[in-house]
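One structure is given here, and the rest of the page talks about it.
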Amino acid sequence: GDSVTQMEGPVTLSEEAFLTINCTYTATGYPSLFWYVQYPGEGLQLLLKATKADDKGSNKGFEATYRKETTSFHLEKGSVQVSDSAVYFCALSFSGTYKYIFGTGTRLKVLA
Amino acid sequence: KAGVTQTPRYLIKTRGQQVTLSCSPISGHRSVSWYQQTPGQGLQFLFEYFSETQRNKGNFPGRFSGRQFSNSRSEMNVSTLELGDSALYLCASSLADSHTGELFFGEGSRLTVL
């Protein structure tokens, strides 16, 4: 079945370090891809999305590119801040299914 | 603009009991989805409703049920609770009737089954 695999956490970085969180998916078609973020004590919120191959989603300094060839949607940020500490979820969705398939989440901790 | 509101935020039940969770979507949103979040499994899709109709259901036993009212508010019910039902139950609403639409999540209802 369709699934999303994320790198295991937690990921601990120093402030201003480069961030990569890997996400790969298995799907029988071409889904839309998403990154959601969950800050401590808050609900999930959309960080960025891409709806077709080679699209790049970006927001708040984060970027991810929809790579059909490698079925990946890795999240990157050039310089993380303490305020980026959160749990990041990769997800996919297909037209007409009305559901999202989420990865297990990757916890990021940024130290000052 | 008010966000997605879930009640209650915390509850403790014992095995065999039942529980009802409520979700009020953002005004104007007609799609409401429910997810179960656990540390090991991440978010698992329970069901989605649009205009009082269930359009999709996840792989959960029949003890899990839901409904949506004409004002788009939704409830989910879990009967005959088991220890493994302990989780954070998240409700999400959406404006767009599309797989590319953004989901807006509530803060969740944390259920503990003893």
Practice prompt. Return the total of residues in the stretch A:59-78 being more than 11 Å from the chain's Cα centre (by Cα), in a strand (DSSP E or B) and polar (S, T, N, Q).
Written response: 1
Discussion item. Suppose we filter B:Ser93, B:Ser33 for residues that are of a type in the set (S, T, N, Q), within 27 Å of A:Gln6 (Cβ to Cβ) and touching a Pro at 6+ places or on another chain (Cβ under 7 Å); which single one remains?
Written reply: B:Ser93
Item to complete: Under 6 Å between Cβ atoms, at least 6 apart or on separate chains: pull out the pairs that start in the stretch B:52-71 with a residue that is within 21 Å of A:Ser93 (Cα to Cα) and end on any residue that is assigned to a strand (DSSP E or B) and not acidic (Asp, Glu).
Response: B:Gln54/B:Phe47; B:Lys57/B:Phe47; B:Gly58/B:Phe45; B:Gly58/B:Leu46; B:Phe60/B:Leu46
Discussion item. Please go through (1) within 13 Å of another protein chain (Cβ to nearest Cβ); (2) closer than 27 Å to A:Arg107 by Cβ; (3) at pLDDT 95 or above for B:Gln41 and return the number of the only condition it doesn't satisfy.
Written reply: (3)
Worksheet, complete the sentence: (1) open to solvent by 30 Å² or more (accessible area, probe 1.4 Å); (2) of a type in the set (A, V, I, L, M); (3) not in a loop (DSSP other than H, G, I, E, B) all hold for A:Ala91 apart from (1)
Worksheet item: Does the stretch B:1-50 hold any residues that are in a strand (DSSP E or B), of a type in the set (A, V, I, L, M) and surrounded by 13 or more Cβ atoms within 10 Å (Cβ to Cβ), and which are they?
Response: B:Leu11, B:Val19, B:Leu21, B:Val32, B:Leu43, B:Leu46
Item to complete: May I ask you to list pairs of residues, at least six apart or on different chains, whose Cβ atoms are under 6 Å apart, with the first in the stretch A:19-31 being assigned to a strand (DSSP E or B) and at pLDDT 95 or above and the second being open to solvent by less than 10 Å² (accessible area, probe 1.4 Å) and among the aromatic types (Phe, Trp, Tyr)?
Response: A:Ile21/A:Tyr88; A:Cys23/A:Phe73
Fill in: Subset tally (residues that are open to solvent by 60 Å² or more (accessible area, probe 1.4 Å), away from chain B (no Cβ under 12 Å) and either under 21 Å from B:Ser33 (Cβ atoms) or of a type in the set (Phe, Trp, Tyr) (or both)) for the stretch A:14-68
1
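Would you say A:Val4 is open to solvent by 10 Å² or more (accessible area, probe 1.4 Å) and among the β-branched types (Val, Ile, Thr)?
Yes; evaluated as a whole, the condition is true for this residue.
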Worksheet item: Within the stretch A:69-82, how many residues are touching a residue at least 24 places away in the same chain (Cβ under 8 Å) and open to solvent by 30 Å² or more (accessible area, probe 1.4 Å)?
Response: 8
Worksheet item: Among B:Leu88, B:Leu21, B:Leu111, which is under 23 Å from A:Val87 (Cα atoms), more than 9 Å from chain A (Cβ to nearest Cβ), touching an Asp or Glu at 6+ places or on another chain (Cβ under 7 Å) and touching a residue at least 12 places away in the same chain (Cβ under 8 Å)?
Response: B:Leu111
Discussion item. Restricting to the stretch A:94-107, and then to whatever is over 16 Å from A:Pro10 (Cα atoms) and of a type in the set (Gly, Ala, Ser), can you tell me which residue is most open to solvent (accessible area, probe 1.4 Å)?
Written reply: A:Ser95
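The values are calculated or read from the model by the stated rules, or taken from the named source; none is laboratory data. Computed from a predicted model, the values in this text were never measured in an experiment. Please note: Cβ atoms are built from the backbone with ideal geometry, for glycine as well, and neighbour counts cover all protein chains shown. The accessibility values were calculated without ligands, DNA or RNA, using every heavy atom of the protein model including side chains. Shrake-Rupley method; radii C 1.70, N 1.55, O 1.52, S 1.80 Å.
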